[in-house]
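Data first, discussion second: the structure below is written as structure tokens.
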Amino acid sequence: MLTNLQRLISSQHDFFEYLVNFKFTLSDKKGKSITRELKDSDANSLIGLQIGEEMDATVFGLNGKVKITGGSDKSGITMRSDVHGMPRKYVLIAKGVGFRSTEKGLRKRKLVRGNTISEEIYQINCKYDGVINVEESKKEAPEKPKKEAPEKPKKEAPEKPKKEESKKE
């Protein structure tokens, strides 16, 4: 039988082997934003960070700092900064992220995710302290040119014979 310590070590070993992918939306002071995807070891180093924490922007190929402002998980459930931890929770909300009020004073119990990044998070929103050059970001990730298919002339549909009205006598 495994002892509790051995179970803990094996569960942590499995936790760190899990490969995650994050889509980052980086916004700068001027309102421009770019999307980057992080995979494998770069993404694993971000697990455990919370909303409001700052990190280096060198992971994205930029100089300066990046502040985490929010995110959502694989099914679109938003992260909320006042809910602690990683799991999804039902929280009574009156205003803020994850809630649109239709009446004044309305409160509702909504499903939100905690403020800590886990492997179930899909998208992370960040604020960059510098200015993002859109031209440089396009050069770093060039897209493959699409092959254009030659245009074929459209064929006309065959005409259907008209039904003749039968005369009743």
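Listing for the model above:
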read-out	value
Any hit, the stretch 20-31, residues being farther than 17 Å from D129 by Cβ, within 16 Å of the chain's Cα centre (by Cα), of a type in the set (F, W, Y) and surrounded by 15 or more Cβ atoms within 10 Å (Cβ to Cβ)	yes
Tally, over the stretch 118-156, of residues that are over 30 Å from L62 (Cα atoms) and either basic (K, R) or at pLDDT below 75 (or both)	9
Single residue of the stretch 1-39 satisfying the filter (in contact with an Asp or Glu (Cβ under 9 Å, 6 or more places away or on another chain) and not in a strand (DSSP E or B)) that is modelled with the lowest pLDDT	F15
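The values are calculated or read from the model by the stated rules, or taken from the named source; none is laboratory data. As the structure is a computational prediction, the values presented were derived from the model and not from experiment. When we count neighbours, we look across all protein chains shown, and the Cβ atoms used for this are built from the backbone with ideal geometry, even at glycine.
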